[in-house]
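What follows is a single structure, written as structure tokens, with notes after it.
The values are calculated or read from the model by the stated rules, or taken from the named source; none is laboratory data. None of the values given here were measured: they were computed from a predicted structure. We place every Cβ from the backbone using ideal geometry, glycine too, and count neighbours over all the protein chains shown. Accessible surface areas use protein heavy atoms only, side chains included; no ligands, DNA or RNA. Shrake-Rupley method; radii C 1.70, N 1.55, O 1.52, S 1.80 Å.
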Amino acid sequence: MTQQKIIITKSSDIAWKSFYSHIKNAIFSDFSKGNEMELSELHNALIDNHILKEGSDQATLFHKAVYSTFDQPSFYSTEFWINYKKICLEIVDKLKKDTGYYGLWSVQRYPTIRFQFPDNVSVFEFHRDSNYQHPLGEINCFYALNACLNSSALHVEKNLGFEDYVPLNLKSGEYAILNTSIYKHGDLLNKTNKTRVSMDFRFIPDIHLKEDRISKTNSIKFTSDEYFIKETEMKILGK
């Protein structure tokens, strides 16, 4: 029996605020509801706009609003990028020590944003990331923008192959390092009255990158010039 080992860490308040405010501002610059709404209340913006729930789990208008900011030339000077880079490089250093692999690593270039509305899920099925062509050497970071508790938490297989899922309960600003490439994970219906907002981003030793690996969800190559970015390149981007 191989048990999932999960490391939970609290980020700085500065980092959390930079992520939270960037996502909130991106959404409300594109969406006409007042920006006094907190991210946990985003479902209230769906009352007159149910189309936001439709499509794939990465194609709502909320997602598009946030992802469009990553394409802007000024993105690498934002507080979001500066703190994302800082956390990612800290995690790389920790992974090198934990795994004993001190070669070059690559990091997911931009984080994946998740919205789990009440009575909904943020991913459509329980799965392993390797089912979608993710490399087996990949390690994931799940970052809570607001509280992820019980039915609004990611549910992760505790023992490999047993499908004995437990909620990954996190407070806002906490993040977990875990292996979602081989351990099954997914969502239950969110039975809280809050929208869960989270990010996930991945790390991999360069020796496990393969040119022929292409994501089944967005057709992007799992290489260091598309889905990933080399740690050395990440260090010089932005301040």
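Here's the yes/no breakdown for (1) surrounded by fewer than 16 Cβ atoms within 10 Å (Cβ to Cβ); (2) assigned to a helix (DSSP H, G or I):
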residue	(1), (2)
Phe80	no, yes
Lys85	no, yes
Glu90	yes, yes
Asn131	yes, yes
His134	no, no
Cys141	no, no
Glu163	yes, no
TODO: Taking Ala176 as meeting all but one of (1) within 30 Å of Glu38 (Cα to Cα); (2) of a type outside the set (Phe, Trp, Tyr); (3) surrounded by fewer than 18 Cβ atoms within 10 Å (Cβ to Cβ), write down the number of the exception.
DONE: (3)
Task: Candidate set from segment 4-30 (those that are among the hydrophobic types (A, V, I, L, M, F, W, C) and in a helix (DSSP H, G or I)); member that is surrounded by the most Cβ atoms within 10 Å (Cβ to Cβ) - done: Ile27
Open item on the list: Here is a check on your reading of the model: is Asn190 free of Cβ contacts under 8 Å to residues at least 24 places away in the same chain, crowded, with 16+ Cβ neighbours inside 10 Å and farther than 17 Å from Gln108 by Cα?
Closed with: no
Task: Residue check for Phe75: open to solvent by less than 40 Å² (accessible area, probe 1.4 Å), modelled with pLDDT of 85 or more and farther than 29 Å from Val156 by Cα - done: yes
Open item on the list: Given the options Ser122, Ser152, name the one that is crowded, with 19+ Cβ neighbours inside 10 Å, in contact with a strand residue (DSSP E or B) (Cβ under 8 Å, 6 or more places away or on another chain) and at pLDDT below 90.
Closed with: Ser122
- [ ] May I ask you to verify whether Ala147 is in contact with a strand residue (DSSP E or B) (Cβ under 9 Å, 6 or more places away or on another chain), aliphatic (A, V, I, L, M) and open to solvent by less than 40 Å² (accessible area, probe 1.4 Å)?
- [x] no
TODO: Output the residue which, of all residues in segment 100-118 that are open to solvent by 30 Å² or more (accessible area, probe 1.4 Å) and touching a residue at least 12 places away in the same chain (Cβ under 8 Å), is farthest from the chain's Cα centre (by Cα).
DONE: Tyr101
